[in-house]
Every structure is written in C-alpha cells, then in structure tokens.
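Read the structure below first, then the notes.
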Amino acid sequence: MAVTRDIVATYGAPRRVMGRLLAMGEREDRALVFLMGACVLVFVAQMPRLAREAHLGGEDLNMLLGSALLGLVFIAPLALYGVAALSHVVARVIGGRGSWFGARLALFWSLLASTPLLLLHGLVAGFIGPGPALSGVGILWWLVFAWFWISSLIEAERRTDKGAA
C-alpha cells in the first residue's frame, strides 16, 4: 500500500496499519525513510511561521530556516532514536515483548502519519499567528500523535521479540 494511503488509514485504525508495517519485516531503511520524511515535513511545516517571524521581527529568513533545518533534519532524528529506545525500555518494564525495531517504527510512523496536522499547524502559525486557532490545532496534533504512538507501540510490543537490534 502507498505511504499516503497508509497515512489516511492510520487515522481510522492505527494498530491495523502498524501491524501491516511490522508484517513487512524488520527493515531499518524503511524506518529511517519514515523518520527522515517526517522530519523534512516538520521542517516544511515551520516555514510559514518562520517567514512570519522574519517579516514581523525584521530578522533574516535564511538564518531562521538554516537553524530550523539543522535542528529538525539533522539533530531531531538522533533524539528521536533515543526517545524510541526509552519507550521500548518502559514498555519492557510493563510487560512488552516487542523488538527495538518495533518501538522505533511505532514512533517514526506515528510522527509521519501525524504530519498533515503539523502542516496545518504551520499554515495557521504563518497566516493567522498566535491565538486560539493555533493552540487548538496544536492540541489536536498532540492528541492525534499520542493516539497513533500509543496504539502503534501497543501493537509493536505485543509481538514476540525476535532479537532485532
């Protein structure tokens, strides 16, 4: 199934989509592509907000974009690997049986699947600015992301660990 179809399907049944992704086998390249795609889309989502800040504050847009690119595309993936590992350790403590790969895939896929709401958040931040609309979209994104991640992690951790790193 195409990634875009899987993203749409995740909004209806995140555990089913995660089960299908896990059934495709442990391929770190696929997980990394999901992570990098999500990070690039998060960067793109920040562009309208950064353009607004640069215009209103008289700052250099290129400096703001460069900082966001460095943080979101080069540093954030490393931090997200750590978050995925921590989530797997916590899941193990409470009885999870999944693999390290499953925990990574659950986090990376959840972030990628929730990026349409982050893109909307970026547009609201850029065109409307701070206010109730921006807060509402931000809260909606957090709730959806948490739902996807928890559901996906439950699906990943209910499977037997095959010793994957």
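The values are calculated or read from the model by the stated rules, or taken from the named source; none is laboratory data. Because the structure is a prediction, the values reported are computed rather than measured. Counting neighbours? That spans all protein chains shown, and the Cβs are built from the backbone with ideal geometry, glycine included. The protein model used for the area step is the full one, side chains on, heavy atoms only, and it has no ligands, DNA or RNA in it. Shrake-Rupley method; radii C 1.70, N 1.55, O 1.52, S 1.80 Å.
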Provide the per-residue ³J(HN,Hα) series for the stretch 109-126, in order, calculated from phi with Karplus coefficients 6.51, -1.76, 1.60 and θ = phi - 60°, each as a whole number of Hz, with x at glycine and proline positions. 5, 4, 5, 4, 5, 8, 5, x, 6, 5, 5, 4, 4, x, 5, 5, 4, x
Can you work out ³J(HN,Hα) from phi for every residue in the stretch 52-61, in order, using Karplus 6.51 cos²θ - 1.76 cosθ + 1.60 and θ = phi - 60°, giving whole Hz and x for Gly and Pro? 5, 4, 5, 5, 6, x, x, 8, 7, 4
Mind telling me which of Val89, Val124, Val17 comes out most flexible in a GNM of the chain, alpha-carbon contacts under 10 Å? Val89
Cβ under 11 Å from Met18's Cβ, Met18 left aside: what net charge do those residues give with Lys, Arg +1 and Asp, Glu -1? +2
Sort the following peptides by mean Cβ neighbour count (other Cβ atoms within 10 Å, averaged over residues), highest first: 2-14, 108-120. 108-120, 2-14
Amide H partners (placed H, <5 Å) of Arg97, local residues excluded: Arg158, Arg159
So what's the convex hull volume per residue for the Cα atoms of the stretch 22-109, in Å³? 94
Quick check: the angle from helix 14-23's long axis to the longest principal axis of the chain, C-alpha only, nearest 10 degrees? 60
Based only on Cα atoms, what mean projected area does the convex hull of the stretch 75-165 have, in nm²? 6.4
Using a simple spin-label model with points 7 Å from Cα along the Cα→Cβ vector, what separation in nm is obtained for Arg5 and Glu28? 3.0
Name the residue farthest towards the positive end of the dipole of the chain from the options Ala13, Gly136, Leu64, assuming +1 on Cβ of Lys and Arg, -1 on Cβ of Asp and Glu, about the Cα centre. Ala13
Between Val90 and Arg159, the FRET efficiency computed from the C-beta separation at R0 = 25 Å comes out, to the nearest 0.05, as 0.90
Within the stretch 78-165, what whole-number % of the accessible surface is contributed by carbon and sulfur, with the 1.4 Å probe and all protein chains included in the calculation? 77
Accessible area per residue of the chain at 1.4 Å probe, in Å²? 53
Distribution output for the stretch 69-124: share of Cα-Cα pairs per 5 Å bin in percent, first bin at 0, values 4, 18, 20, 22, 16, 10, 6, 3, 0
Can you order the peptides 125-136, 96-107, 30-41 by their average number of other Cβ atoms within 10 Å per residue, highest first? 96-107, 30-41, 125-136
